[in-house]
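Heads up, the thing below is written out as structure tokens.
The values are calculated or read from the model by the stated rules, or taken from the named source; none is laboratory data. As the structure is a prediction and not an experimental result, all values here were calculated from the model. As a convention, Cβ positions derive from the backbone with ideal geometry for all residues, glycine included, and neighbour counts pool all protein chains shown.
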Amino acid sequence: MDRFHSKGKKAYNPETLALGYGYDPFLSEGSVKPPVFLTSTFQFRSAEEGQRHFELAYHLRPPRASEVPGLIYSRLNNPNLEIFERRMAAWDQTDEGAAFASGMAATSTLALTLLRPGDAVITSAPIYGGTHYLFEHVLPQFNIEASFVQAGDDTPRLVAEAADRLGPERVRLVFLETPANPSNTLVDIRAVADVVEGIKRRSHKDCWLAVDNTFLGPVFQQPKLLGADFVVYSATKFIGGHSDLIAGVLTGGLDQVQAIKLTRTILGTMANPFTGWLLLRSLETVSVRMRRQAKTATKLARLLLKHPKVRNVRYPGLLEPGTNQHAVFSKQCSGPGSLIAFEVDGGVRGAQACLNAFEVARLAVSLGGTESLVEHPMTMTHSDVPPDELEKIGVSPGLIRMSVGLEHASDLARDLRHALDAIP
Ligand SMILES: *Cc1c(COP(=O)(O)O)cnc(C)c1O
């Protein structure tokens with residue numbers, strides 16, 4: 001058995017792998033749980049072993065059969081991160097994972113590995129604010145052009161048109177976020193993957209598809225199985241799940257993720273060992289948490305639908321059968337998640353009166369934690385989006401976003417009714 005304890009990976013489901021895979025207790029005094037490896041550096045048994053470890057770390061030669069990368073220094077690798085990365089890769093059914101200091105560290109390290117001056121990237125919109133800033137304001141400083149296309153039923157066609165306009169040989173990355181935030185609009189990942197294949201065929205160059213899977217993954221959506229090359233997460237959200245850490249992770253093919261890990265080593269965007277340990281603890285319960293949160297969210301969404309002060313409810317679990325969005329949901333998501341967006345009467349004032357009246361749900365941005373959170377996209381998470389854009393992406397003055405946690409469903413239902421009743 002190697003130190004990754006990797007025997008039998010394929011035989012088990014990710015929930016099971018999250019409890020043991022990638023860790024050999026007998027390398028740590030029989031400790032059933034991985035210790036926190038709070039060390040900056042790792043001792044070599046011999047000078048020759050140190051040499052071999054560095055040869056692999058800097059890709060100076062291919063690994064020999066059954067040779068695994070040795071531990072060197074915690075900016076390059078650390079057991080807590082490695083175990084987490086292997087379990088995430090198993091969850092996403094990809095080869096390899098890489099853990100980062102934040103979701104933004106994952107996305108920016110991915111972009112700086114794949115993109116070169118003159119290249120272009122096509123991104124669905126709306127997209128997470130930090131991602132938008134990176135593509136809109138940072139990458140252009142390196143002569144990398146970003147094109148944003150509306151998330152929704154037309155996204156595959158819009159990506160193809162944008163590629164024609166930019167020149168297919170320049171488009172090296174297509175980056176999607178689905179469901180979109182806060183509108184919960186879905187993008188058909190498989191259909192965009194087909195468009196990306198077409199771009200590659202025409203340009204005879206690599207073009208990668210990355211999907212930000214923060215909202216539904218890893219439990220309810222597996223973008224790799226739908227044709228994505230990279231699955232990217234803010235692990236701060238559901239994976240961490242307790243609103244007590246900032247981290248990111250991405251998974252994908254072996255060669256590509258190894259290249260990204262080399263960039264991570266040089267930029268220093270890795271997560272720290274204690275965060276890795278917390279992520280391992282959290283990953284053990286991510287399936288239980290997300291399923292329970294989705295169940296409660298479904299109840300609350302139905303309650304919202306019936307309330308006289310609520311104008312519309314955007315929740316993947318309430319999509320109308322027969323619509324294209326419902327068809328996409330049915331084929332690519334195995335659950336609706338626990339983010340609900342709903343519009344209340346009375347515009348900003350109505351929304352603020354409602355938000356101020358919650359007693360159980362906390363008034364805070366972020367999502368995916370054990371506690372329920374509510375926020376006002378227009379004046380908070382999306383306050384830097386220009387007014388005409390806001391309307392296009394469905395952020396109206398009365399829109400509230402709720403991340404449903406693990407409180408008792410009836411307490412949350414009462415809290416929600418109480419908050420809605422506070423709208424003048
Ligand atoms: C929070 C978030 C991010 C950024 O993650 P950080 O961990 O805060 O850097 C990226 N994408 C989505 C969808 C998010 O919700």
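Look at GLN293 and say whether it is modelled with pLDDT of 95 or more and within 16 Å of GLU96 (Cα to Cα). Judged against the criteria, GLN293 is not a match.
Taking the criterion of being small (Gly, Ala, Ser) and within 16 Å of the ligand (Cβ to nearest atom), the residues of the range 108-140 that qualify are SER108, ALA111, SER124, ALA125, GLY129, GLY130. Are any of the residues in the range 173-187 over 23 Å from THR381 (Cα atoms) and surrounded by fewer than 24 Cβ atoms within 10 Å (Cβ to Cβ)? No, the range 173-187 has no match at all. Number of residues in the range 347-401 that are in contact with a Phe, Trp or Tyr (Cβ under 9 Å, 6 or more places away or on another chain) and closer than 25 Å to PRO308 by Cα equals 6. In a residue-by-residue description of the range 263-276, the property of being farther than 24 Å from ALA90 by Cβ, of a type in the set (Gly, Ala, Ser), out of contact with any strand residue (DSSP E or B) (no Cβ under 9 Å at 6 or more places or on another chain) and away from the ligand (no atom under 16 Å from the Cβ) applies to no position. Please tell me if ARG190 is within 19 Å of the chain's Cα centre (by Cα), basic (Lys, Arg) and assigned to a helix (DSSP H, G or I). Yes; evaluated as a whole, the condition is true for this residue.
Pairs are defined by a Cβ separation below 6 Å, a sequence spacing of at least 6 or placement on different chains, a first member in the range 232-247 that is farther than 19 Å from LYS261 by Cα, and a second member that is more than 9 Å from the ligand (Cβ to nearest atom) and in a loop (DSSP other than H, G, I, E, B); the pairs so defined are HIS242/GLY369; HIS242/THR370; SER243/GLY369. Filtered by the rule that a residue be more than 15 Å from the chain's Cα centre (by Cα) and more than 23 Å from LEU17 (Cβ to Cβ), the range 71-110 gives ILE72, TYR73, SER74, ARG75, LEU76.
So, in the range 373-419, how many residues would count as being in contact (Cβ under 8 Å) with a residue 60 or more places away in the chain, within 18 Å of LYS299 (Cβ to Cβ) and buried (at least 23 other Cβ atoms within 10 Å of the Cβ)? Here the count works out to 8. When residues in the range 100-123 are screened for being outside any helix (DSSP H, G or I) and touching a Ser or Thr at 6+ places or on another chain (Cβ under 6 Å), 3 of them pass.
Looking at the range 200-255, none of the strands (runs of 3 or more DSSP E) lying wholly inside it contains 3 or more residues that are in contact with a Phe, Trp or Tyr (Cβ under 8 Å, 6 or more places away or on another chain), more than 10 Å from the ligand (Cβ to nearest atom) and within 26 Å of LEU406 (Cα to Cα).
Hey, among the residues in the range 78-107 that are within 16 Å of the ligand (Cβ to nearest atom), more than 23 Å from ASN13 (Cβ to Cβ) and of a type outside the set (A, V, I, L, M), which one's surrounded by the fewest Cβ atoms within 10 Å (Cβ to Cβ)? Among residues in the range 78-107 that are within 16 Å of the ligand (Cβ to nearest atom), more than 23 Å from ASN13 (Cβ to Cβ) and of a type outside the set (A, V, I, L, M), the one surrounded by the fewest Cβ atoms within 10 Å (Cβ to Cβ) is SER102. Filter the range 125-153 down to residues that are part of a helix (DSSP H, G or I) and hydrophobic (A, V, I, L, M, F, W, C) and give me whichever is farthest from LYS237 (Cα to Cα). Result: PHE142. VAL159 fulfils the conditions (1) crowded, with 20+ Cβ neighbours inside 10 Å; (2) more than 25 Å from LEU390 (Cα to Cα); (3) of a type in the set (A, V, I, L, M) except for a single criterion, (2).
Which residue out of ASN272, ASN324, ASN312 is without any contact (Cβ under 8 Å) to a residue 40 or more places away in the chain and out of contact with any Lys or Arg (no Cβ under 6 Å at 6 or more places or on another chain)?
ASN312
Restricting attention to the range 45-70, the residues that are touching a residue at least 24 places away in the same chain (Cβ under 8 Å) and either in contact with a helix residue (DSSP H, G or I) (Cβ under 9 Å, 6 or more places away or on another chain) or farther than 17 Å from GLY22 by Cβ (or both) add up to 5.
Residue-level check: of (1) farther than 21 Å from GLN325 by Cα; (2) more than 16 Å from the ligand (Cβ to nearest atom); (3) without any contact (Cβ under 8 Å) to a residue 60 or more places away in the chain, PRO156 misses just (1).
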